[in-house]
Amino acid sequence: MGIFNPMTTTYLDYNATAPVWPEVVEAVSQGLAASGNASSVHSEGRAARQMVEEAREKVAALVNARPGQVIFTGGGTEANNLAMWQAELSGVTVSPIEHESVLKPLEHAARLRVQSDGVVDVNSLPEHLDGLVSVMLANNETGVLQPVKRLAELCRERGVAVHTDAIQAVGKINVDWRDLGVQMMSISAHKLGGPQGVGALIVDDTWGGRPLLRGGGQERGRRAGTENIAGITGFGVAAELVQKNFVAMANVTALRDMLEHGLRAIDPTVIIHGGKVERLPNTVCASMPGVDAETQVMSLDLAGVMVSAGSACSSGKVTTSHVLKAMGLDDASASSAIRISLGWHSTPDDVEKCLTAWRDLYTRTRWTQAAAAE
């Protein structure tokens, strides 16, 4: 199996996108070489259709769903939009820590409460629910896991459907579609080391929702458009690979703990957001008090360490995190938070390089602050 080579950089931004597996690159190349349209009935079309269906089986197996429940989309954002589209006429309730692709489609949606530790308060469900409830399985910025299974149980009692954005969770923790009890679930290939621009919405057997894209009968009439054979094939291979390498996440947990211990040793005032509750094994959201996130990201970048500030889906802008604000943080604390996210190829050396770069920045800023105070 090929191993990602970071060359001269240390890549710690897996939550933004995971490095593509070499096997995925090969699979995508084979998909690009396929000349048939998966909707065509001739031999080339049937060969393309077989590639799509084999990938569908692999993606379904990753989350313990059936292949027929997988709707391929053009990415996680489209999958979330497709889910929100189902509730446009009947209303939706969301948590304020959702990804923008859930928050933006229906900005009038009712909001649940979030506790200071980053966990959605299940007791904040409105007495009168209507339409759909959408709560992510793991937050993309803090890594905090959400009580989706419990929410699904409560909503089932009230006859309300639940959607979960599981894009950050799949591949990092065990995600079991059947156990969660939700009616819709979004996932994305590039968080797994697959190609960018392909995702899926998993739906239950009773799903009779409206397609967001119309004009063809693809995906059983649920998502129009010629199938992205290359992307879907790569998605399937990535799904298979993360299952085989799932045990590596135990090692990633140890690296995350090593990183957090090092940060606290450098600066006892560092804040680990969501650090006292159950989180993804790879995610650290930390604030260096008095130093804005953009300065930290740029400084680490110059030292060859790739991290991010919040979500990477905001056109490259570094803005105050709506997630941390929803957790009750003030502007100063929220604007000083960076996200460090490890992955399958991360090593202790990566952690040491990150700590060295962070220590250098900490030393410089504290010296500058002390000099300014004199």
Could you list, in sequence order, all residues of region 319-337 that are modelled with pLDDT of 90 or more, of a type in the set (G, A, S) and in a helix (DSSP H, G or I)? A326, A334
Name every residue in region 140-165 that is assigned to a loop (DSSP other than H, G, I, E, B) and out of contact with any helix residue (DSSP H, G or I) (no Cβ under 6 Å at 6 or more places or on another chain), in order of residue number. N140, T142, G143, Q146, R158, G159, V160
Selection from region 48-85 of residues that are of a type in the set (K, R) and either modelled with pLDDT of 95 or more or not assigned by TED's automatic domain parsing to the domain that holds I167 (or both): R56, K58, R66
Have a look at I266, I340 and point out the one that is closer than 27 Å to Q146 by Cα and not assigned by TED's automatic domain parsing to the domain that holds I97. I340
All but one of (1) hydrophobic (A, V, I, L, M, F, W, C); (2) out of contact with any Leu (no Cβ under 9 Å at 6 or more places or on another chain); (3) surrounded by fewer than 24 Cβ atoms within 10 Å (Cβ to Cβ) hold for A55; state the number of the condition that does not hold. (3)
Candidate set from region 151-165 (those that are closer than 15 Å to N123 by Cα and within 23 Å of the chain's Cα centre (by Cα)); member that is surrounded by the most Cβ atoms within 10 Å (Cβ to Cβ): L151
Name the residue, out of G193, G236, that is at pLDDT 95 or above, in contact with a Lys or Arg (Cβ under 8 Å, 6 or more places away or on another chain) and within 22 Å of V28 (Cα to Cα). G236
Condition check: surrounded by 23 or more Cβ atoms within 10 Å (Cβ to Cβ), under 30 Å from R339 (Cα atoms) and aliphatic (A, V, I, L, M). Does V63 satisfy that? yes
Residue that is farthest from V175 (Cα to Cα) [pool: residues in region 27-73 that are among the acidic types (D, E) and either touching a Cys at 6+ places or on another chain (Cβ under 8 Å) or in contact (Cβ under 8 Å) with a residue 40 or more places away in the chain (or both)]: E54
Unmet criterion (only one of (1) aromatic (F, W, Y); (2) at pLDDT below 95; (3) under 29 Å from D179 (Cβ atoms)) for W21: (2)
Hey, among G159, G217, G199, G209, which residue is assigned by TED's automatic domain parsing to the domain that holds G68 and modelled with pLDDT of 95 or more? G199
Does region 5-26 contain any residue that is in the same structural domain as A138 (by TED's automatic domain parsing) and under 19 Å from T226 (Cβ atoms)? no
Kindly check whether there is at least one residue in region 74-91 that is part of a strand (DSSP E or B), touching a residue at least 40 places away in the same chain (Cβ under 8 Å) and of a type outside the set (D, E, K, R). no
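The values are calculated or read from the model by the stated rules, or taken from the named source; none is laboratory data. Keep in mind that what you see is a predicted model, and the values were worked out from it rather than measured. Positions of Cβ are generated from backbone atoms using ideal geometry, with glycine treated the same way; all protein chains shown enter the neighbour counts.
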